[in-house]
Every structure is written in C-alpha cells, then in structure tokens.
1. Given the options B:Ile93, B:Ile60, name the one that is under 18 Å from the mean Cα position of the chain (by Cα), more than 14 Å from chain A (Cβ to nearest Cβ), of a type outside the set (D, E, K, R) and within 20 Å of B:Pro353 (Cα to Cα).
2. What residue, of B:His44, B:His51, is within 14 Å of chain A (Cβ to nearest Cβ) and either free of Cβ contacts under 8 Å to residues at least 60 places away in the same chain or not hydrophobic (A, V, I, L, M, F, W, C) (or both)?
3. Output yes when any residue across region B:190-209 is β-branched (Val, Ile, Thr) and more than 21 Å from B:Leu142 (Cα to Cα), and no when none is.
4. Assess whether A:Asp307 counts as being in contact with an Asp or Glu (Cβ under 8 Å, 6 or more places away or on another chain) and either of a type in the set (Asp, Glu) or closer than 22 Å to B:Asp146 by Cα (or both).
5. Would you please name the residue that is surrounded by the most Cβ atoms within 10 Å (Cβ to Cβ), looking only at residues in region A:371-382 that are of a type outside the set (Val, Ile, Thr) and part of a loop (DSSP other than H, G, I, E, B)?
6. B:Ser236: at pLDDT 95 or above, buried (at least 16 other Cβ atoms within 10 Å of the Cβ) and farther than 30 Å from B:Leu345 by Cβ, yes or no?
7. Quick check on my filter: what residues within region A:189-210 are buried (at least 16 other Cβ atoms within 10 Å of the Cβ) and more than 26 Å from A:Ser246 (Cα to Cα)?
8. Failed condition for A:Thr126, given (1) farther than 26 Å from B:Asp321 by Cα; (2) surrounded by 24 or more Cβ atoms within 10 Å (Cβ to Cβ); (3) polar (S, T, N, Q), with all others met?
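The values are calculated or read from the model by the stated rules, or taken from the named source; none is laboratory data. Everything numeric here is computed off the predicted structure, so don't read it as measured data. Every residue, glycine as well, gets a Cβ built from its backbone with ideal geometry; the counts of neighbours run over all protein chains shown.
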Protein chains: 2
Amino acid sequence: MALIPPPATRVGDTLGTIATPSLLIDLDAFDANLAAMAAFAARHGVALRPHAKAHKSSAIARRQIDAGAVGVCCQKLSEAYPFAAAGIESIHISNEFVGADKLAMAVELAAHVRLSVCVDALPQVTALGEAAARAGVTIDVLPEVDAGQRRCGVTSEDALFALVDAIAAQSALRFAGIQAYHGGAQHIADWHARRAEAHRAAERAGNFVCKLEARGIQSAIVTGGGTGTVEFDATSGVYTELQAGSYLFMDGDYGHIAWDGALRWRHSLFVLSTIMSATRPGLAVCDVGLKGLAVDSGLPRRVHRPDLSIEPTLTYVAANDEHGMLEVQGSLHDETNALLGERILLPPGHCDPTVNLYDQYVCFRGERVVDVWPIDARGLSR
Amino acid sequence: MALIPPPATRVGDTLGTIATPSLLIDLDAFDANLAAMAAFAARHGVALRPHAKAHKSSAIARRQIDAGAVGVCCQKLSEAYPFAAAGIESIHISNEFVGADKLAMAVELAAHVRLSVCVDALPQVTALGEAAARAGVTIDVLPEVDAGQRRCGVTSEDALFALVDAIAAQSALRFAGIQAYHGGAQHIADWHARRAEAHRAAERAGNFVCKLEARGIQSAIVTGGGTGTVEFDATSGVYTELQAGSYLFMDGDYGHIAWDGALRWRHSLFVLSTIMSATRPGLAVCDVGLKGLAVDSGLPRRVHRPDLSIEPTLTYVAANDEHGMLEVQGSLHDETNALLGERILLPPGHCDPTVNLYDQYVCFRGERVVDVWPIDARGLSR
C-alpha cells in the first residue's frame, strides 16, 4: 500500500469532516456568478473568453464553455495544456513569450487547439512564425497594445503597424485583432474613477483599431477587460471579447471595491481552516497561513462560520508559513481555549495565487460536499 | 500521446536551455551549507533535525540524514508522508493539530516511522492517546512551551505539568521532552539584539526544563532553534536539538540580517526567469510574478546574471500574477528592447513559500544541470 495522505473529503461528506486546510467553492454562489456573467455578455453581444488563470481547472472551463464562453484565456503556454487535453478548443495566450522552450509548446498546442497568442516585439513574431511554419501549424496573433497598464504592449501606432506587417509576412501566422488589457483599472476602489479609467483604456484601444482601419486592416477581435471593468468594457463599443476571470470567485481585493452598477458578484471561494491552538487570552491560531492563502493583496478581511455567516469576534491578523493568527474579541477573549477545534471559512485576499496553492476544489452546497474538481493547471507557470 | 507540458530540462542541459520560470539550486553553495551545518551541530554536540518545511523534498532530507541529521521536522502531518514513504525513519511534527482527519494521519504515520508531535492543550493529548491506543501505535509527545513567540505553546508551568500528567495517563503516548521555538527571534536584523532574544528564549525553555526536573521529570529532548539563532541555540546548554531549515537555501529575508558570528550561509536558491517584454524605456518585464515568487517577505532584493554575478542595472520592483516588473538603469534604459530574451536569476524574498510553488528543483553546477529533485511534499499543508 502506497504511503500517501488520505483524501481530504469524499462526495456526500459534511463540511464538518473535510480535512483542513482545504479550498472550498460554495456552488450556489459560483453558479450564480457563472450564469450572471454569461447572461451579461450575451445581453451586450460581446464574446466571453474567461481567464483560466483565475481557476486553473478544466472542470470549470468546461462549465464556462457550456454556459456560452467562446474559449478561455491562459496566461502561460504550459497552463494551456490541461485545458487542451480536456478538449477546450479555443485558447488565447494573453501574454508575450520568448525562447525555444515556449515556441515548442506553442506549436504543440496549435496542433491540438485553435491557438492565439500576444506579441509586442518583432523578434517574437519572427521566431513564432518560423517555428509554426516548421511545425506545419497556423497560429492567430494579436499584438498587445498598452491600454494604460504600462506593462506589456506597444505604445505607438508605428510599432503596431510594424508588428502587423511582420505577422503578414509569416505564412503560418494570422493577424486576428489586438489585445488591450488594463489590469491597473480593475481594482480602482471608487466606481466612478474606475469607470473613467476603463473609458480611457477603451479609448486608447479604439484609437489603435481606427489607425489600423485607416490602413485597411480590420481587427476582428479586440480582447481585454476584467472583472472590475467588465460592465464598462462590454458597452464600450470597442471590446469584442471579455477576459474576466475572478468574477466566479470574488476575493478580498475585488470585494472591497465599490460596485455601483448593475453587476454584483458573490464570494464563492473560501479556505476552510481549523483552530488548532489557543493558549493565550485574545489569540487563537488556525492551521492556514502563507502556504494556503496568498497575502499579496492583504489578509482575509472577514472570518466566516461554517454556515457562511460572519463571525464578528475573530479577526485574521497575521499569517506565518502554516499558522494563521486570529485576534479574539468579546466574551471568548478570556476563554480562547473554547475555540480549539472550531472550523472557520476564510475568503482569500487574492483568488488567483491562492488557487495556485491547491490541487483541488471541494465544492459544497449547504452542508454537503457535492463535487471535487482537480486544479489541473496548478503550478503551470511556464 | 498524452498532452502534457514538456519537461523543463534534462540532466546535462545548459542553464541557457532550461524552461522558465524554474526553481534552481546552485549545488556548490547548497553542499557547502549542508556540510557547514552538519559540522556545526556535531562540533557542539547537539542533534540536527532540519526542518523539511523549508525544502519539502525527500531527496534533500536524505542528504541531510546522510550528513548526520537525526531525522526531520515537518510542520504538518500530510507533509510528513513523502518523507515517511522515502524511508526517513524519525519525523517530528513541530506543530499542534486537532481533528479526526489529523488523528488518522498521525496513527498511520506512527505505524511507519518513529513519530513525535507537539501539544499545548489537554484535548489534543486525550484525543491522540485514544487514537494511538486504538491503532496499536506509540507516539512520542513534546509539549510546546512558549519561548517568546507568543503563538502556540503553554505559558505556565502548571499548564505544562498538566500536559505531562495527561501524557503519562495515556499508555500509547510517551513524554519525550519539550519544544521551545521562537520564530520571532530568527529574523531580528541586528546580530546582538538577535543573540539577546535567543538567550531569553533559551532561558524560558531552560526554566521549564528545571521545573520539570524538580518534579522528577527529565526532558530527553529540548527541540527548537532556527537558521537565525542556531549559533546561540547550540551553545545555550538548553537545546539538545536544532530545527533549522532555511540555512540550505538562504533567502532575501535571512540574507539581509547581520551575521557577525562564525556562521555564514550562501544563497543557493534562485528562480530562473526570462525577460519576455520590454517596450518602454526603463522597464523590462520578466516571466515570473506572484505565482513563482512568494512576496510576503519582500521582492527579490537583487537580480543576478546566469553566471551568478549581480546585474546592477536591473531592479525587480513589482510582481503581478505572472509578470515581474524590472526597472532598468544605465545605458540600457533607453534600449530596453535589447533585453528581450535575457535570462536572470532571482533570489526569493522568502524561501519556504516560494519552494511550495514548484514541483521540482533543477540542480546545477556551473553551466550544467546535474540533477532534478522532486518537491514531493509541495502543497501538503494538512
């Protein structure tokens, strides 16, 4: 018998028996988010290509496609493999890449799926075109333009024209449109300021589209947008495709920005944890820290009870590698020992890198585990 | 043929061909650290039980045991499985745990290895004793005392006595000594202040040992200490066993504290990354961000060239999920495009949670890959 840790749970188990820490999805909230975004995109006549970097799970991608998504985005080439293997037919790599290791993956993927990728420099185009031609595959290419993020993407129309010309010169590449993603706009807390920044991003993207049209080049796809700006992107008249990902889960970072528009997303992602030490008045220690919660966007802002109600007397105040420190207020302050063995649910500060720490989602409805989904792209960052 | 990403590298390859991002070990530096700590512990007549949470790899644990370590520490029960499966015979769980899922793992592990665990509350002792008796196994138990960390561990001699008595009342449990770990002392930047805090921790631990002796109870093991305080712990006359882990790798957090004593550790752990976009003067973007570098203790403080020399013109200034932003100074500032495709080595800010993001170490000497070690306890946080 192989000596491996027992499974964390089985379908049909109650929440009270799941091994901790585990990453949980409240399927009622998840389903509501999934359906709401699909309906929103359909209503506005824009394609939805959700970002799979948020969930890294082909089981979830399949549900998004079944609800009307045209395919998925991946941020890295290796990340695309489990989605391709699971039969997702259209994958967009929303990122630039350089190097022989990357070209080998791109042409292998392109032999199995309709692959599109981003470029923002001529050497990327040449290398990809030559590799694709050698492999006998065709790859759709979307130059990335800088829509305000100041990260990747070309900043001038001349640079964009040069890329489009270089793509045209490669028989194995096909110009498919442009990518204009503005990550910095997503988390602007004030709704009106966020809307204004999203409008500026769309304006920049639209300007690049017009400049291409003036040269007789149509951008079939203008892809971008994220959970924070999707309501503005969809009505911009510029974007044809939305890349939102976090809407399925929400997280602390998105949860605390203002949502003044029609869209509301529910928190569906939680880390289940157990209080395993409580020797000091006012302090309890739970079994999830840095290795089970990404803290780059802050600690969990609330502590929930297993019935999802908020536990007002506990505050997650610090994360060590495998310990979470909980400040205890109220009547339990002097009797923290009474908390030993209690289970809590923590909404992660940032969903994407938290998901990347786990190998599976434990999906529940009410009190029961109803499904377990592998996070099959976990760790695939190449 | 299964559609899975190709291997990142093969033994014999040069550094220039490794797929990025990858987690690299400079084996010359690693071997020096491994040997230096083994010699240090032997010289001072204390047992070395390195903390496997730092490396999460049975291949590394095996090398530590071969160099004289008495066993390993794990922070979680599930983490111990790959070490037990690999034949490591003595494993200490340096942490408290509560719950049926944990008890099941404890008794299964105890059937395969000499297992010791920590407790700091009576219900933990009772539950463990009953589970061990039912399973027909014996488990060594070390009550944890608070040595100044203010996290887990009992704070009074009465609480310690109660635990020792409860252990004695369980036929399947054996009192083996105490754990006194002071994590807060490890990273104090000033060497003298760190030494003073380590002395206070040893004094607290020694006081608990004396109080037990006054009741006729011998603490065969007093375990604790970490990379930052090991030089003080070893000569304290209190600690019989050292739990240091990070010494193998070093990281930004340990690298920037003062090392005024005889011990010096070399940076052996690096993330290899490729610059994949550089469209703006003064900015280059590399392919590793939050999903390949833990940032809880800060960003990489330096950028190295593939020959390990420091690249003074590049500074890693921000991490997005899969992007690293590099500020470019000097002559390359206006010609960042020239950096496209360049490879860099980044020493992580915090080694433990960075290691937990990868499935393997790529071990190199000079220009060549000489080994690949699985990180077989990656993600095992239960």
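1. None of the other options fit; the residue is B:Ile60.
2. B:His51
3. no
4. No: the conditions fail for A:Asp307.
5. A:Ala377
6. Taking the combined requirement at face value, the residue satisfies it.
7. A:Phe208, A:Val209
8. Failing condition for A:Thr126: (2).
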